[in-house]
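Enquirer: What follows is a single structure, and I will ask about it in a moment.
Coordinate-derived values only; no laboratory data. Keep in mind that what you see is a predicted model, and the values were worked out from it rather than measured. Note that we place each Cβ from the backbone using ideal geometry, even for glycine, and neighbour counts take in every protein chain shown.
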């Protein structure tokens, strides 16, 4: 059975229903004519947010070039890409802080391209906490609600939010008395205080140390699921994107390279840029004999599935380091050039004459105790699983370097 909760939203009582860990506001939400028609006629509802051919220019510089994207209700989306790829500009356009040059932005089918930021009622959390240093935690959280709620309602809302972000008891503290992670949680509570229809996060964790970042990203994700608020987060940190997002939007030079689930992005990259930017990848020149016959160096591989490249000839073969296997016999001869300890594994640099003149990276687990599995200069044999090889058409640039 779901557990009923009660929040104050927009000055009205909003009954919420918690079931399977999700909290959705249902009390003061009215069904729009479009939604009512869709339900009665069996027509699919439009996405919560739809971007159609969004362009943005700063003078002659094209910051965004024809962005098409949809965001579903309750979804957590991450914009991932290197510095300067346009991800923050796109977020600011969605927030209403920047105007698009051309294209359309639709919310549930309604064009909001020229709607002001205040009218959109979206919550925003920036990299800088932007807390008022002269105001207490309580005053910072309710700042945007003053004049719209009574004193009792403000106190109740602040108490609810501080419980949600695990900061109960800090109401009277000032920002300078809090850690960086606590300040960011206060900023998060302030962003969701007005019950926004959409929560926008612009690299909210980048200024925090590693341990606090891991804790806070888990807390943000759990909070987003409980409130079921549609969320878009900008990040250049691939680990954040892969661990937090329902879908990842990989951007490069003002365009969308790929949209997919974290596992799709990592294991099935659609472009060399995505393969190079997300995780570590070996790139090896190869020749495609047919859609299932591939030669890397002087070694032939039978691909278990036809590759997406339609034309025979020069291609780019890609392989994740963790998919390279060390075998006792029957493998390709390789010489260890260097060994790096990464904590969870050892990254091994290999010279493999039968494959490529480039170094091949392999990730191996350690030997007995804490010893590396191999030593520099050692000769070993490796196996390359054909089902793990990704093939791209060449010549295709690898794109921008990682940020």
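Enquirer: Angle, helix 151-164 long axis vs. longest principal axis of the chain, Cα atoms, 0 to 90°, nearest 10?
Expert: Taking the Cα atoms of the chain, the angle to 151-164 is about 20 degrees.
Enquirer: Okay, moving on. Compute the FRET efficiency between residue 97 and residue 174 as 1/(1 + (r/R0)^6), taking r as their Cβ-Cβ distance and R0 = 25 Å, and round to the nearest 0.05.
Expert: FRET efficiency, residue 97 to residue 174: 0.35.
Enquirer: Run the quick spin-label model on residue 344 and residue 365: label points 7 Å from Cα toward the beta carbon, then report their separation in nm to one decimal.
Expert: In this crude label model, residue 344 to residue 365 measures out at 1.3 nm.
Enquirer: How far apart, in nm, are the 7 Å Cα→Cβ label points at residue 70 and residue 151?
Expert: 5.0 nm
Enquirer: How much of the DSSP beta bridge set in the stretch 50-267 is antiparallel, as a percent to the nearest 5?
Expert: Numbers: 17 of 36 bridges.
Bridges in the stretch 50-267 that DSSP calls antiparallel: roughly 45 percent.
Enquirer: Something else: Could you check the spin-label model distance between residue 268 and residue 119? Points 7 Å from the Cα along Cα→Cβ, value in nm.
Expert: 4.1 nm
Enquirer: Shifting gears a bit: What's the Cα-based Rg to Rh of the stretch 280-393, Rh via Kirkwood?
Expert: 1.00
Enquirer: Now for a different question. Output the Cα-based Rg and Dmax of the stretch 271-326 in Å, rounding Rg to one decimal and Dmax to a whole number.
Expert: 11.6, 32
Enquirer: To the nearest 0.05, what FRET efficiency results for residue 357 and residue 166 with a Förster distance of 56 Å applied to their C-beta separation?
Expert: So the FRET efficiency works out to roughly 0.55.
Enquirer: Hey, another quick one. Give the angle, between 0 and 90 degrees and rounded to the nearest 10, that separates the Cα long axis of helix 210-227 from the longest principal axis of the Cα atoms of the chain.
Expert: 60 degrees
Enquirer: Shifting gears a bit: I need the calculated FRET efficiency for the pair residue 135 and residue 246, taking r as the beta carbon distance and R₀ as 30 Å, to the nearest 0.05.
Expert: Details: r = 35 Å, r/R0 = 1.15.
FRET efficiency, residue 135 to residue 246: 0.30.
Enquirer: Using a cut-off of under 13 Å, list every residue of the stretch 152-180 whose amide N is near the label point 7 Å from the Cα of residue 226 along the Cα-to-beta-carbon line.
Expert: Zone members listed by number: 159-168.
Enquirer: Which whole number in µm²/s is D for the chain by Stokes-Einstein, with the Kirkwood Rh taken over Cα pairs at 25 °C and 0.890 mPa s?
Expert: 101 µm²/s
Enquirer: Could you work out how far helix 180-192 tilts from the main Cα principal axis of the chain, as a 0 to 90 degree angle to the nearest 10?
Expert: Around 60 degrees separate the two axes.
Enquirer: Can you tell me what share of the DSSP beta bridges in the chain is antiparallel? A percent to the nearest 5 is fine.
Expert: So the antiparallel bridges amount to about 80 percent of the total.
Enquirer: Per the Kirkwood definition applied to all pairs of different Cα atoms, how many angstroms is the hydrodynamic radius of the stretch 50-267?
Expert: 18.0 Å
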